[in-house]
Amino acid sequence: MIVMKQTIQIDQLMLTRAHCPSGWTKIKSAGETIGMIETIKLLDDLPRLLNRPLTDHEQQAVIDLAPRLLRMAA
């Protein structure tokens, strides 16, 4: 069974797939939506948004947010 989380928090950003079009992830800061990223591009784009590389734990959390999409891309 694959368990999919609906939201994760990395630094000041909250990522959620709830109430998003298929294939997209919403990025929030301070409770406000600041944009959306294609889910398949999260692992590439998040380090640029955060201005630092993702830790192994953060990478796994992002993959768990959309396991089918991101595991197929790896």
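Values in this text are rule-based calculations from the coordinates and carry no lab data. Since we're looking at a predicted model, the values are computed, not measured. Here Cβ is always computed from backbone atoms with ideal geometry, including for glycine, and neighbour counts include all displayed protein chains.
Diagonalise the Cα gyration tensor of segment 7-69 and give the resulting equivalent ellipsoid semi-axes, square root of 5 times each eigenvalue, largest first, whole Å.
Numbers: eigenvalues 49, 42, 21 Å².
Whole-Å semi-axes of the equivalent ellipsoid: 16, 15, 10.
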> Hey, got the dipole for segment 7-69? About the Cα centre, +1 on K and R Cβ, -1 on D and E Cβ, debye to the nearest 20?
Replying inline: 160
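I need to check one value: relative contact order of segment 7-69, counting alpha carbon pairs closer than 8 Å and at least 6 residues apart, in percent.
Details: 70 pairs, mean separation 16.3, N = 63.
26 percent.
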> Sequence-distant or interchain residues sharing an amide H contact under 5 Å with Ile10, placed H: which?
Replying inline: Leu15
> To the nearest 0.05, what FRET efficiency results for Leu43 and His19 with a Förster distance of 25 Å applied to their C-beta separation?
Replying inline: 0.70
